[in-house]
């Protein structure tokens, strides 16, 4: 049985044309310095969840709200006592209207389909760990109406945010090619959108299957978690 640190799950949000995406961007306060300014999908890590889909649905409720919920630190999740102890600083920010964020969340959940399961290996020294970080990552993709993209773009252009941690960005495929992806997302988005992104040299991303499983019990047949996503 293979040991993994934890299980993350996230969703890539695209319009019907698949020509752009709503992604998160780690800001200058993100504890893992090497990933500051990198893009990621919306989502997070298992915490009393029964499945990868449940992780994403819970995280969307948390991330698209006005206030960040109490949660584990990055150092606790990845098992490093040496990442920036300041953590992510919370600043006052103005949000897009709640009605828009709620509509976007509902559209994502209603149209979210499993895209793939991945095994991610990150060199320990890059994230200040004595050993390599190995974990599972489940990816979903959700197609939402172009109107929601335009409304979100309008709000972001006015300096209003969709998420309560880091930043949200609507990026074209060309813009994504010029950005780095955190935590293996460069490889995952390349598979999803055929974007010519380059992976960090200290990350190896292995495709496992084309559809995330229905429950973590199914993963536990082959994997032993250091941090059980169901607890």
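Just for the range 149-162: of the residues that are under 27 Å from residue 53 (Cα atoms) and out of contact with any strand residue (DSSP E or B) (no Cβ under 9 Å at 6 or more places or on another chain), which one is surrounded by the most Cβ atoms within 10 Å (Cβ to Cβ)? Here the answer is 151. Restricting attention to the range 48-66, the residues that are surrounded by fewer than 21 Cβ atoms within 10 Å (Cβ to Cβ), in a helix (DSSP H, G or I) and in contact with a helix residue (DSSP H, G or I) (Cβ under 8 Å, 6 or more places away or on another chain) total 2. When each of 226, 214 is tested for being out of contact with any strand residue (DSSP E or B) (no Cβ under 8 Å at 6 or more places or on another chain), in contact (Cβ under 8 Å) with a residue 40 or more places away in the chain and exposed (fewer than 15 other Cβ atoms within 10 Å of the Cβ), the lone residue that passes is 214.
Of the residues 43, 24, 37, the single one that is touching a residue at least 12 places away in the same chain (Cβ under 8 Å) and farther than 11 Å from residue 166 by Cβ is 43.
Assess whether residue 11 counts as being touching a helix residue (DSSP H, G or I) at 6+ places or on another chain (Cβ under 7 Å) and not in a loop (DSSP other than H, G, I, E, B). Yes, satisfied. Do the conditions hold for residue 126, that is, is it in contact with a helix residue (DSSP H, G or I) (Cβ under 6 Å, 6 or more places away or on another chain), in contact (Cβ under 8 Å) with a residue 12 or more places away in the chain, over 15 Å from residue 23 (Cα atoms) and crowded, with 19+ Cβ neighbours inside 10 Å? So residue 126 does not fit the description; no.
Against the conditions (1) surrounded by fewer than 18 Cβ atoms within 10 Å (Cβ to Cβ); (2) under 19 Å from residue 43 (Cα atoms), residue 204 satisfies every one except (2). Selection of the range 129-154 for residues being out of contact with any helix residue (DSSP H, G or I) (no Cβ under 6 Å at 6 or more places or on another chain) and farther than 30 Å from residue 225 by Cα yields 143, 145, 146, 147, 149, 150, 152, 153, 154.
Readers should treat all values here as calculations from the given coordinates under stated rules, not as data from a laboratory. Computed from a prediction, not measured in an experiment: that's the story for all the values here. Using ideal geometry, Cβ is built from the backbone for each residue, glycine included, and neighbour counts are taken over all protein chains shown.
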